[in-house]
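For reference, the structure I am asking about is given below.
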Amino acid sequence: MTHTPSSASDLELRNKAEARLLESRGAVEERLSAEEAQLLLHELQVHQIELEMQNEELRRAQHDIDALRARYFDLYNLAPVGYVTLSEQGMIVEANLTSANLLGVTRSALVKRPFSHFVFAEDQDRYYLYRKQLIETGGAPQECELRLLRADGSFFWLHLQAISARETETTTECRIVMRDIMEQRQLEERLREAQKVEAIGTLAGGIAHNFNNILVPILGYAELAESKLAPDDPLTSDLRHIVKGALRAKDMIAQILAFSRKTPEKRQSFQPQLVVTEALKLLQASLPATITLKTEIAADCGTIMADPTQLHQIVMNLCVNAHHAMVESGGVLKVGLEKVIVGKEESKVLGSERLPGEYIVLEVSDSGCGMDSETLARIFEPYFTTKCQGEGSGPGLSVVHGMVKKYQGHIGVQSEPGKGTRFQVYLPACAEEVFLKAGESSVPVTAGTERILVVDDEEVITTMFQTILARSGYQVIIFNNSLEALAFISQDPTAFDLLLTDMRMPHLSGLELIEKALAVRPDLPVILCTGFNKQVDKEEAAALGVHVCLEKPVSVRELILVIRKALDEKGKVSG
């Protein structure tokens, strides 16, 4: 039995149910799709924010990188040293601004040019050896010192040091640090010059001591021989010339020591024309025949208070500069000396309000090449020179300037290119004094009968002293060995009345002998007679008990006067 309506109803119900189910599923799916889209949208917004933050970080990082790059290039370009990058072939790949400034060119003029183009000709072999070492070691740190040429043709010393290497597609490039060491080299050169002067001074000291020992008997025996002759004897004049020559030799030794800066400054009142004349005699022998020396030295210029050896230096320095100005073409060297009175108006012209008064004016002029205004403005700078490399340089005119200013004087100079140069040195005059010529004295020589102990390692000197003093009535005991002399003193300290000893001797020096002698005989008069010795300090010697320090060679009259004075002073103290 069939129920058709009922089946139709069930089908309808099922269809409705399916429709409602589909409708519900669609609503659910629609609801799920909206949520997913919302979630996706949210995620996209988060990602966008993250990207913006990352972009901001990237922008900040790029800004920092740009700032660091700018700072690096500032440091690179303005570094106190030059930087160049060289290829294996020696071409300049890049260079900083300092390196360009060192060479006096633009940076573009350096790049793509061979570094050897700037190397001094005499240093090319050294540079190529340096490059070879760089290539062989793969750019390992290597150092080298050489000279480079600037664009203006001058050169300077440079220290090169490889600091890094980098590989490119075709070659190995090496970065080099360039450091200017010209000033360092100049300081080293000055130190070497100072060491040379020190060595010369040491040598001069030794020569002076030995030469003075030679002069002592020459001067002493010449004076002894003269004293034995009648005043009208023809040999008297000859002996006086020998004495004069020995005294001139003594002065020359003092001048040599002054040049080597081994003697302290000794200011005294003296007649400058004597020193200037002596300096010119020494200069004359060194002048070439192409230079004529003309002098206008006043016979009486008065006196100045200065160190005679420093005046000698001033004259020689100015004349040597004049000689160099005329060495190629020859000419006339004029030296003048006179006393002048500088008024207030003239002092203003000279540039000092302290100058009015009496002055001794030394004038040195030449007809040489002259100087331009730029050179003239620098001539008193220490170590400034117009000489070529290798011809010497030194303190030069700065020393002269310093000496003149030290004596409250003034130095002026006029010069033009091709018209020569004239120096004028103003030194203050001082009050006149009585001067004694060599061999003269206002004090009469008095003989004696006292006992004198003479100690010197030179037998010819002790024999001469014995002869001189014996002729004056003294009893003389001589020793050529300081240890033997000390033994004699220790054995009988009262066997003599005065000790005359040399300074520089084997075994015991003069000061050591004096110290030991005074230890056993405190009241003993002591005279120290010495050639040049830098260890002799007159104040120290006086504190030790030395009455007088005599410098060899000493004249007969001076020796006897000093001995007599020391003995008389001892007698007064004893009395």
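The values are calculated or read from the model by the stated rules, or taken from the named source; none is laboratory data. Values in this document were obtained by computation on a predicted structure and should not be read as measured data. Counting neighbours? That spans all protein chains shown, and the Cβs are built from the backbone with ideal geometry, glycine included. Areas reflect the complete protein model, heavy atoms only, side chains present, ligands, DNA and RNA absent. Shrake-Rupley method; radii C 1.70, N 1.55, O 1.52, S 1.80 Å.
Quick one: if the Förster radius is 60 Å, what FRET efficiency do residue 150 and residue 242 give, using the C-beta to C-beta distance and rounding to 0.05?
0.50
Sorted by accessible area (1.4 Å probe), largest first, how do 221, 474, 426 line up?
Per-residue accessible area, sorted high to low, gives 221, 426, 474.
In the range 267-337, which trypsin sites (Lys or Arg not before Pro) are in a loop and have at most 15 other Cβ atoms within 10 Å, using DSSP for the loop call?
The qualifying sites are 267.
In nanometres, what is the gap between the two model label sites at residue 484 and residue 285, each 7 Å from Cα along Cα-to-Cβ?
3.8 nm
Hey, how much of the P(r) for the range 80-191 falls beyond 20 Å, as a percent of Cα pairs?
36 percent
Residue 552's amide H: which non-local residues (gap 5+, or another chain) put their own amide H closer than 5 Å, with H modeled 1.01 Å from N in plane and none for Pro or chain starts?
530, 531
Looking at this model, which pairs from 228/570; 112/132; 334/419; 294/419; 196/244 are more than 23 angstrom apart at the alpha-carbon?
From the list (228/570; 112/132; 334/419; 294/419; 196/244), the Cα-Cα distance tops 23 Å for 228/570; 196/244.
Output wanted: per-residue J couplings in Hz (rounded whole) for the range 549-558, from phi through Karplus 6.51 cos²θ - 1.76 cosθ + 1.60, θ = phi - 60°, x for Gly and Pro.
Using θ = phi - 60°, the values come out as 10, 9, 9, 6, x, 10, 6, 4, 4, 4 Hz.
Using only the alpha-carbon atoms of the range 53-124, report the extent along each of the three principal axes, biggest first, to the nearest angstrom.
62, 24, 17
What list of ³J(HN,Hα) couplings, whole Hz, do you get for the range 235-245 from phi and the Karplus terms 6.51, -1.76, 1.60, once you set θ to phi - 60° and write x for glycine and proline?
Values per residue, Gly and Pro as x: 6, 4, 5, 5, 5, 5, 5, 5, 4, 4, x Hz.
Starting from 0.36 nm per residue, how many nanometres of slack lie between residue 23 and residue 516 once their C-alpha separation is accounted for?
163.6 nm
Amide H of residue 332 versus every other amide H placed in the peptide plane: which residues, excluding those fewer than 5 positions away on the same chain, fall under 5 Å?
Counting only residues 5 or more places away or on other chains, the set is 292, 367.
Keeping all protein chains in position, work out how much accessible area residue 207 exposes to a 1.4 Å probe, and write it in Å² to the nearest 10.
The accessible area of residue 207 comes to roughly 100 Å².
Another question, if that's okay. Amide H neighbours of residue 303 under 5 Å, at least 5 residues apart or on other chains, H built in the peptide plane: list them.
Residues meeting the criterion, in which the H sits 1.01 Å from N, are 430.
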